[in-house]
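Take a look at the structure below.
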Amino acid sequence: MFAYWQNFFRKHGAALSVFLLASVGFWIFMMILLPQAFMLDFSLRANVPPPKWGSDAHHYTAEHYRYMLYGSAQSVDSYNFVDLSVFARTIVAAIFVTLIDLALCYPVAYYLAHAATGGWRRLMVLSLIVPFWVNELLRAFAFKIMFGGNGIINNALLWLGVIDQPYDFIRNSVALYSGLSYAYILLMIFPIYNAVESLDRNQIEAARDLGSPWWRIHKRVVIPHAKPGITSGCTMVFMLTAGALAAPQILGGPSSLWFTQIIYQAFNQAGNWARGSAYAIILLVVCILFVLLMMRVFKVKLGEIAR
Amino acid sequence: MSADVQLDEVWIRFGDFVAARDINISIRQGEFFSFLGPSGCGKTTLLRAVSGFLQPSQGRVSIGGRDMAGIGPNKRPTALIFQNLALFPLMTVWENITFALEVRGAGRAARRKKAEELLELIALPGQGEKMVSELSGGQRQRVAIARALAAEPSVLLLDEPLSALDLKLRQHMRTELRAIQRRVGITFIYITHDQGEALTMSDHVAVMSHGVIEQVGDGNSIYNRPESAFVASFVGENNLFSGTVAATDDAYVTVDSPAGRLRARHAMRGGKAQLAAGDSAFVFVRPESLKFAAGASSASAEASSTEASSSTGALDNRIGARIHQQEFEGNFWQVFCDVDGVDKRVKLSMVNDGASMGRGPGEEVTLGFNADLAVALPQGELAAE
Ligand SMILES: Nc1ncnc2c1ncn2[C@@H]1O[C@H](COP(=O)(O)OP(=O)(O)OP(=O)(O)O)[C@@H](O)[C@H]1O
Ligand SMILES: [Mg+2]
């Protein structure tokens, strides 16, 4: 370990080494650890207005975590079904969106990496990237208009005679799932694309030559090779979807609340920063545990994702 | 025996580029057939047409008498060993080997049994549980062969499979491959740019250049009776004298060259004479066919003894030369001589019979060779050095 740092200093020179270490350290500490530590601290204290922060009233308590479970700080008679069901639905929906993205992106990534050539490939990559120059809110509103009662999709379906009255895509969450699936699609495509592209084409041909049908080539050769990319794509999409706010706010139906919206309400409408922090921490921890569990199930190591 | 793999008038084009031009080849069941040619001449392309990864632009590929048009690589009775082997790095050795059986739905027990059999065949018994990355280069090579054989192909296609190995291992694997081929008795089609490999292993060799088959034959006829200047210059070493044909008959050609008037065998191609008086021609003489002739040389003792040992006695051709340099290779002496009017130094190989050569650089000598051991061919493209 000591030898490593010695070598590090020799390689980069003292000034650069100090700068690198300081900036990385600053980033990790100030941008990641410190804010999260504050959140954690907040979540474990009583909810008092800012002037009383630091006073005795601002004492430590687990009441906000209990509230999430039981809907009250004292009684344990009934569960907090409202918040818990929103939480569960958010997680399930995020899984669902992740799976949709995976199903959409794997074929596209494979096609880009191994079938598309030259100009056609560049055109496809561009048409994937360019729409994301439009900002997230604008994109969400565009989806809302598209899926609205008078939107282009309803009009097209009416005109084609598939339906005889407008379908409520918003109330039925179709708009929300579409919007969320689209929002993070690049984060799914590019890790998979990178992983698939590094696969030696001869391996695909070898499997084919040995008589393998296409699906077995994917099952036995391409997917095992692309697993780290698939994992990192799924992880990012899942985390970001579970933590999304804009799309659910704009595209969600009146009855479908996203867990982040509850957190948002706690902070901004109820003025209950402590509860908001506790809920945010719960979301974070559950998401991380879920991802770690999935990685264990699919036998992926954390180090592989970073490849 | 029937033709197992047959190519009829096969052309392969990539846009305007012709990668294979009017290929006609007939490969018999159970033979070891090699395509030999320099890099980029279209060997891999041709092999891909046989394995089904590529459809010929024109012409017909048939295997076992069956036209292969429209049949994909996974449905053909061929197995291909790739230039880089393309073993599956995330599977164990035995899973690699039995992938073809897995595809066909064989049970695990049957696959394990087959894997052990094949591991035995390739002399790696008990190594099935290893990962591919834990094997040496030569062992990977053999696993690739086993994986292909497990598919029970009637034709095994090998794309320069030994090129990544070091010289010693390559030579060892040559023998091994040949032995495996004899044991399993299926047709091997082997691609290489290494003439040593092609000549030692093959029943027949097709020499290719720029998408054209220059000559097909067994190793002996390719080496001793080349039919084109390309083959003569590509296979083995050859000294070259260019000149103009003075006279021809069916058996011999007389060529006027800067080195003098030379007489050489008249090489036929497809039974037809290739040269007539007035044509530009190359005369090729192998280094081992050249001798020191008595006469101009002052060191006569060894020279006359070498000459006497040649079977025909008097030499048909004599060339005045000057020794530039000589290299001792243990079993051989390699002597490089300057001949006036010839650009490239003439090389002569002599078996080291124990006596010292008795000649030195700068010495004027007379080189000689018999007409039967030299060949005259129409001028044409030569293999790059
Ligand atoms: N898909 C392709 N598109 C265009 N040209 C190609 C394609 N595949 C091969 N070629 C060209 O065809 C020629 C023959 O290529 P091929 O790979 O068959 O050579 P090779 O004899 O196997 O050479 P090597 O010994 O280097 O492997 C080359 O000039 C190559 O550039
Ligand atoms: Mg090749």
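The values are calculated or read from the model by the stated rules, or taken from the named source; none is laboratory data. Predicted model only: the values in this text are computed from it and were never measured. As a convention, Cβ positions derive from the backbone with ideal geometry for all residues, glycine included, and neighbour counts pool all protein chains shown.
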- Query: Counting only residues that are surrounded by fewer than 20 Cβ atoms within 10 Å (Cβ to Cβ) and within 16 Å of ligand 2 (Cβ to nearest atom), how many does segment B:179-194 have?
  - Reply: 2
- Residues being assigned by TED's automatic domain parsing to the domain that holds B:V10, within 23 Å of B:F17 (Cα to Cα) and not polar (S, T, N, Q): count how many of those fall in segment B:208-237. 6
- Message: What's the number of the only condition in (1) crowded, with 16+ Cβ neighbours inside 10 Å; (2) free of Cβ contacts under 8 Å to residues at least 40 places away in the same chain; (3) out of contact with any strand residue (DSSP E or B) (no Cβ under 7 Å at 6 or more places or on another chain) that B:A109 fails to meet?
- Response: (1)
- Note on the structure: All-but-one check, B:V10 against (1) more than 14 Å from chain A (Cβ to nearest Cβ); (2) within 12 Å of ligand 1 (Cβ to nearest atom), failing number (2)
- Does A:L102 count as in a helix (DSSP H, G or I) and either touching a Ser or Thr at 6+ places or on another chain (Cβ under 8 Å) or loosely packed, with under 14 Cβ neighbours inside 10 Å (or both)? no
- Can you confirm whether segment B:21-30 contains a residue that is in a loop (DSSP other than H, G, I, E, B), within 16 Å of ligand 1 (Cβ to nearest atom) and under 25 Å from B:H204 (Cβ atoms)? no
- Item | Residues satisfying the stated conditions in segment A:177-226, i.e. at the interface with chain B (Cβ under 9 Å from one of its Cβ atoms) and in contact (Cβ under 8 Å) with a residue 40 or more places away in the chain | A:R201, A:I204
- Considering only segment B:31-55, state which residues are in a loop (DSSP other than H, G, I, E, B), surrounded by 17 or more Cβ atoms within 10 Å (Cβ to Cβ) and either away from ligand 1 (no atom under 13 Å from the Cβ) or within 18 Å of the chain's Cα centre (by Cα) (or both). B:E31, B:G37, B:C41, B:G42, B:G52
- The listed residue being away from ligand 1 (no atom under 16 Å from the Cβ) and under 15 Å from B:F82 (Cβ atoms), out of B:P153, B:P161: B:P153
- Given the conditions (1) in a helix (DSSP H, G or I); (2) out of contact with any Phe, Trp or Tyr (no Cβ under 9 Å at 6 or more places or on another chain), which single one is not true for A:S17? (2)
- From the option list B:A164, B:A69, B:A115, single residue qualifying as more than 18 Å from B:I189 (Cβ to Cβ) and within 16 Å of ligand 2 (Cβ to nearest atom) is B:A164
- Report yes if some residue within segment B:161-175 is under 25 Å from B:L47 (Cα atoms), within 14 Å of chain A (Cβ to nearest Cβ) and surrounded by 17 or more Cβ atoms within 10 Å (Cβ to Cβ); otherwise report no. yes
- Note on the structure: B:I71 fails exactly one of (1) within 14 Å of chain A (Cβ to nearest Cβ); (2) within 16 Å of ligand 1 (Cβ to nearest atom); (3) free of Cβ contacts under 8 Å to residues at least 24 places away in the same chain, namely (2)
- For segment B:82-120, enumerate the residues that are of a type in the set (V, I, T) and facing another protein chain (nearest Cβ under 9 Å). B:V103
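Answer with yes or no whether B:R60 is more than 12 Å from chain A (Cβ to nearest Cβ) and within 28 Å of the chain's Cα centre (by Cα).
So B:R60 passes the test.
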- Message: Contact list please: Cβ distance under 9 Å, first residue in segment B:32-51 and within 13 Å of chain A (Cβ to nearest Cβ) and over 15 Å from B:Q195 (Cβ atoms), second residue hydroxyl-bearing (S, T, Y) and more than 10 Å from ligand 1 (Cβ to nearest atom), pairs at least six apart or on different chains.
- Response: B:V50/B:T78; B:S51/B:T78
